[in-house]
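The values are calculated or read from the model by the stated rules, or taken from the named source; none is laboratory data. Just so it is clear, the structure is predicted and the values come from calculations on it, not from any experiment. Every residue, glycine as well, gets a Cβ built from its backbone with ideal geometry; the counts of neighbours run over all protein chains shown.
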C-alpha cells in the first residue's frame, strides 16, 4: 500500500519557464494588435460573434459576465481558497490562488496602460466599459483562477490519474473560453484581447507555482514510487 504523499523540492524551473513563456506570448500578442493583419482577423471574428446575437443569448451573457469581473473573480477566489484549504489541509493552496489572481490582475492593469488599445466601437457595447482593451481583465481573472485551482489539485496529489487531470483541465479551459466568447459577444473586446488575457492569467499562475511544493506517493519497500504531479 502506498504511504502518504511527501513534498518534493519546491522550486520548479520548468514551471517558471513555462509561465514566463506564456506571459512573453501575451506581450507578443500585444505588439501584434498594432498590425493590420491581426486587426482584420479581430474585426471578422467580432462581426461573426455580434451577428449571432439573440435576446436569449444576450441575457445569458449579461448574467454570466459579472462572475469573471474583477469583483466576481475576488469572490470566486475567496470561495476557492476556503474550499481548497479545507479539502487539501494545506495552507499554501489558498496562498497560491490569492497570489495568482492578484498578481495576474496587477500585470494586466499595467499592460492595459502600456498598450492602451481601444475597445470595439461603443455602439457595439452591451455593457459599459471604459478601460483599455488589451489584455482582457475578465479573461485574465478566469484563467488565473482556474489555472491556480488545477495546479493546487495536481501539486498536492489530489488528482493522480491522467483521465482525472484531462477532465479537470478541460473544465478549466471551458470556463476560460466561455468567458472570452462572452466578452467578444458583448462587443467590449476584440478576440486577441481575450487571448492575451488568458495567456497572462495562466502564465502568472504557472510561474508563481514554481515556488510551491509538489507531492508524490511514497511506495512501500519493494514497490515503485508514483509521482502525483509533473
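In region 109-123, how many residues are loosely packed, with under 14 Cβ neighbours inside 10 Å, touching a residue at least 12 places away in the same chain (Cβ under 8 Å) and outside any loop (DSSP other than H, G, I, E, B)? The number of residues fulfilling the criteria is 2.
The set of residues from region 61-95 being closer than 21 Å to residue 181 by Cβ and touching a helix residue (DSSP H, G or I) at 6+ places or on another chain (Cβ under 8 Å) comprises 61, 64, 65, 66, 67, 68, 69, 70, 72, 73, 76. The one condition from (1) modelled with pLDDT of 90 or more; (2) part of a helix (DSSP H, G or I) that residue 96 does not meet is (1). In region 45-68, the residues that are in a helix (DSSP H, G or I) form Cβ pairs under 7 Å with partners that are at pLDDT below 90, at six or more places apart or across chains, as follows: 66/72; 67/76. The set of residues from region 174-211 being surrounded by fewer than 20 Cβ atoms within 10 Å (Cβ to Cβ) and farther than 15 Å from residue 140 by Cβ comprises 174, 181, 210, 211.
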